[in-house]
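The values are calculated or read from the model by the stated rules, or taken from the named source; none is laboratory data. Everything quoted here is computed from the prediction, not taken from an experiment. Cβ placement follows ideal geometry from the backbone for every residue including glycine, while neighbour counts extend to all protein chains displayed.
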Protein chains: 2
Amino acid sequence: MINRHSFVPIYVQIAQTIVQTVQADGLTYGEQLPSERDLAEQHQVSRLTARQAIDELVKRGVAYRVQGKGTFLARPQIRQASGLMSFSDELLQRGFQPSSKIILHQRVDASKSVAQRFQIAAGDPVLQLNRVRLANGQPVAVEYASLNLHLLPNLDQEDFEGQSLFAVIRGRYNVYPAWAEAEMEARLATDAECKWLDIPTGQAVLVAHRLTFTEAFELIEAVDSVYPGDRFPIYIGRQRILTELDEKA
Amino acid sequence: MINRHSFVPIYVQIAQTIVQTVQADGLTYGEQLPSERDLAEQHQVSRLTARQAIDELVKRGVAYRVQGKGTFLARPQIRQASGLMSFSDELLQRGFQPSSKIILHQRVDASKSVAQRFQIAAGDPVLQLNRVRLANGQPVAVEYASLNLHLLPNLDQEDFEGQSLFAVIRGRYNVYPAWAEAEMEARLATDAECKWLDIPTGQAVLVAHRLTFTEAFELIEAVDSVYPGDRFPIYIGRQRILTELDEKA
DNA sequence: CATCGCTGCTGGTCTAGTCCACTTGACAAC
DNA sequence: GTTGTCAAGTGGACTAGACCAGCAGCGATG
């Protein structure tokens with residue numbers, strides 16, 4: 001079960017085995033997981049390590065704790081993937097074949113507002129990448145992306161028709177998206193968008209203004225995604241509602 | 001500084017003092033916070049406790065760690081409040097005076113699909129509460145809410161024109177919203193919505209289908225919020241992008 | 001029969017350490 | 001000057017305990 005000489009921390013390994021066990025045993029919402037003390041003894045680790053494993057599951061919204069009673073499986077999420085994450089990954093998970101048609105792909109000088117977001121000088125080059133996103137050949141979104149060439153030098157020489165942008169960012173540059181932030185609004189589709197998305201004029205579209213950061217909050221990309229309103233509802237994911245630090249006094 | 005006999009855990013107290021210190025000293029994005037060992041010695045606690053304090057800040061996206069270097073302040077969020085949280089709270093934070101006009105307020109028998117969401121029997125009573133939400137007297141949203149009367153008995157006898165729904169839920173019932181999940185779409189406003197929101201016909205609106213859960217994933221409410229597309233962009237909050245548990249092998 | 005209290009379980013918090021991985025800067029050797 | 005090495009400081013992982021707080025079941029006591 002547990003490999004003490006692996007680079008993967010023990011608590012992650014334990015979290016993985018719990019997930020596997022849950023799937024194998026067909027456990028569902030509300031059922032109880034092993035106690036922290038049981039897990040510790042089972043895997044011959046200290047209780048804190050077992051607790052860290054369960055922390056991982058709680059962080060993901062897979063399980064929840066009740067003091068005095070135990071740890072239980074959470075209600076499953078509506079969907080796995082999030083509208084805030086990689087478009088390609090989400091489509092793959094949902095069983096579609098993602099692809100792209102590039103509308104624009106060029107270095108541009110950063111405008112003042114873009115430069116401020118990227119924390120670079122105005123006029124510094126930024127990669128502008130506008131794409132129509134397709135699922136099984138059907139257009140499902142238009143994306144207007146600005147990418148940080150300081151963080152991703154020579155990114156403009158990559159090919160994005162064939163491969164996922166995030167895959168390139170992770171694989172070639174070892175840059176890992178860790179945080180995302182978004183604002184949403186609705187508006188009517190522009191004429192160009194109607195053509196790209198193959199929708200009638202006057203239709204409502206959902207626009208997501210998304211920022212993606214590294215662990216250290218360097219801005220990787222700023223994207224405006226335009227979705228036809230009804231064809232593709234966007235799942236925001238499961239989020240913990242944080243109480244203020246100074247409440248509960 | 002630290003009160004060892006308070007009911008508030010020491011690590012929370014330390015997290016609070018860090019936030020206060022940061023504000024008092026005017027520290028900004030990128031500046032370094034005290035090391036875990038420093039914090040531990042400063043407050044005369046073990047290193048784990050100091051670490052837990054920083055964990056709180058990292059969980060909130062206030063700080064981030066870099067192994068071998070230290071802990072640093074994160075880039076501030078676009079906005080504080082989230083479109084997934086309490087409408088009233090968000091408006092208050094942004095300096096508006098929230099109010100409501102009730103369109104519908106009655107017990108209804110749960111339809112099959114609603115009952116399934118709430119995990120109750122079909123036909124069991126649910127509180128349907130439809131409101132026009134106002135900011136400084138201006139209509140900014142229409143909300144169609146279904147509330148769980150099993151969790152919140154006799155909620156239908158409360159007054160919601162004057163007070164925040166979440167305030168009642170927290171104060172009177174001791175039910176704390178802990179998780180939220182949402183899907184978003186865009187469509188054209190209905191005639192009734194145009195009247196309520198005082199917008200021209202044919203305008204695009206943003207629709208958020210939101211579920212709010214307790215810590216134990218009991219469904220508190222299911223809400224469809226309709227926002228005029230451009231008047232009020234919805235902030236989704238800052239979210240961690242989770243890597244799969246079985247990656248990084 | 002109802003109730004109170006005990007006991008044994010759970011998670012929540014905390015201690016005082018250990019060793020490892022990584023970053024940085026200083027300093028010595030080339 | 002460049003390069004390599006070493007030490008100090010950082011967060012990451014882990015141990016082996018401790019006590020507290022909340023829940024549930026059981027049994028004795030009224």
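If you take the residues of segment A:33-46 that are more than 14 Å from chain B (Cβ to nearest Cβ) and away from DNA strand D (no atom under 13 Å from the Cβ), which of them is surrounded by the fewest Cβ atoms within 10 Å (Cβ to Cβ)? That would be A:Asp38. The single condition from (1) outside the structural domain of B:Ser99 (by TED's automatic domain parsing); (2) surrounded by fewer than 19 Cβ atoms within 10 Å (Cβ to Cβ); (3) under 14 Å from the mean Cα position of the chain (by Cα); (4) of a type outside the set (Ser, Thr, Tyr) that B:Arg238 fails is (2). When A:Pro9 is tested against (1) closer than 26 Å to B:Gln239 by Cα; (2) away from DNA strand D (no atom under 11 Å from the Cβ), only condition (2) is not met. Among the residues of segment B:230-249, what is the count of those that are at pLDDT below 85, under 26 Å from B:Leu57 (Cα atoms) and of a type in the set (Phe, Trp, Tyr)? Here the count works out to 0.
Residues are listed down the side, and each one gets a yes or a no for (1) among the small types (Gly, Ala, Ser); (2) assigned to a helix (DSSP H, G or I); (3) under 13 Å from B:Thr71 (Cβ atoms); (4) more than 23 Å from the chain's Cα centre (by Cα):
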| residue | (1), (2), (3), (4) |
| --- | --- |
| B:Ser6 | yes, no, no, yes |
| B:Val12 | no, yes, no, no |
| B:Ala15 | yes, yes, yes, no |
| B:Gln20 | no, yes, no, no |
| B:Ala24 | yes, yes, no, yes |
| B:Leu27 | no, no, yes, yes |
| B:Gly30 | yes, no, yes, yes |
| B:Arg37 | no, yes, yes, yes |
| B:Gln42 | no, yes, no, yes |
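Scanning segment B:18-27 finds no residues that are within 14 Å of DNA strand D (Cβ to nearest atom), among the small types (Gly, Ala, Ser) and either without any contact (Cβ under 8 Å) to a residue 40 or more places away in the chain or in contact with a helix residue (DSSP H, G or I) (Cβ under 8 Å, 6 or more places away or on another chain) (or both).
Please tell me if B:Ile220 is touching a Ser or Thr at 6+ places or on another chain (Cβ under 7 Å), more than 10 Å from chain A (Cβ to nearest Cβ) and assigned to a strand (DSSP E or B). Spelling it out, B:Ile220 is indeed touching a Ser or Thr at 6+ places or on another chain (Cβ under 7 Å), more than 10 Å from chain A (Cβ to nearest Cβ) and assigned to a strand (DSSP E or B). Based on what the data block shows, is B:Ser100 assigned to a strand (DSSP E or B) and of a type in the set (Gly, Ala, Ser)? Yes; evaluated as a whole, the condition is true for this residue. Determine whether B:Thr71 is surrounded by 14 or more Cβ atoms within 10 Å (Cβ to Cβ) and part of a helix (DSSP H, G or I). No: the conditions fail for B:Thr71.
Does segment B:161-172 include one or more residues that are touching a strand residue (DSSP E or B) at 6+ places or on another chain (Cβ under 7 Å), assigned to a strand (DSSP E or B) and closer than 29 Å to B:Lys195 by Cβ? No: segment B:161-172 contains no residue that is touching a strand residue (DSSP E or B) at 6+ places or on another chain (Cβ under 7 Å), assigned to a strand (DSSP E or B) and closer than 29 Å to B:Lys195 by Cβ.
Quick grid of which residues meet (1) closer than 30 Å to B:Glu215 by Cβ; (2) free of Cβ contacts under 8 Å to residues at least 60 places away in the same chain; (3) at the interface with another protein chain (Cβ under 7 Å from one of its Cβ atoms):
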| position | (1), (2), (3) |
| --- | --- |
| A:Ile199 | no, yes, no |
| A:Gln203 | no, yes, no |
| A:Val207 | no, yes, no |
| A:Arg210 | yes, no, no |
| A:Glu215 | yes, yes, yes |
| A:Val226 | no, no, no |
| A:Ile234 | yes, no, yes |
| A:Thr243 | yes, yes, no |
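Among the residues of segment B:4-32, none is identified as within 11 Å of another protein chain (Cβ to nearest Cβ), more than 10 Å from DNA strand C (Cβ to nearest atom) and loosely packed, with under 11 Cβ neighbours inside 10 Å. Anything in segment B:103-126 that is under 20 Å from B:Ala182 (Cα atoms) and touching a residue at least 24 places away in the same chain (Cβ under 8 Å)? List them, or say none. Matches in segment B:103-126: B:Val114, B:Arg117, B:Phe118, B:Gln119.
B:Arg51 fulfils the conditions (1) more than 16 Å from DNA strand D (Cβ to nearest atom); (2) crowded, with 16+ Cβ neighbours inside 10 Å except for a single criterion, (1).
The residue pairs whose first member lies in segment B:172-194 and is in the same structural domain as B:Lys101 (by TED's automatic domain parsing) and under 17 Å from B:Glu218 (Cα atoms), whose second member is assigned to a helix (DSSP H, G or I) and not small (Gly, Ala, Ser), and whose beta carbons are closer than 7 Å, counting only pairs six or more residues apart or on different chains, are B:Val175/B:Ile169; B:Tyr176/B:Arg170; B:Pro177/B:Phe166. Here segment A:66-81 is the region considered, the condition is being over 18 Å from the mean Cα position of the chain (by Cα) and more than 11 Å from DNA strand D (Cβ to nearest atom), and the residue that is farthest from the other protein chains (Cβ to nearest Cβ) is A:Thr71.
When each of A:Leu91, A:Leu57, A:Leu84, A:Leu39 is tested for being in contact with a strand residue (DSSP E or B) (Cβ under 6 Å, 6 or more places away or on another chain), within 14 Å of DNA strand C (Cβ to nearest atom) and in contact (Cβ under 8 Å) with a residue 24 or more places away in the chain, the lone residue that passes is A:Leu57. The residue that is farthest from B:Arg4 (Cα to Cα), among those in segment B:44-54 that are outside any helix (DSSP H, G or I) and within 6 Å of DNA strand C (Cβ to nearest atom), is B:Ser46. One residue stands out among those in segment B:147-176 that are modelled with pLDDT of 85 or more and touching a Lys or Arg at 6+ places or on another chain (Cβ under 8 Å): the one that is farthest from the other protein chains (Cβ to nearest Cβ), which is B:Leu149.
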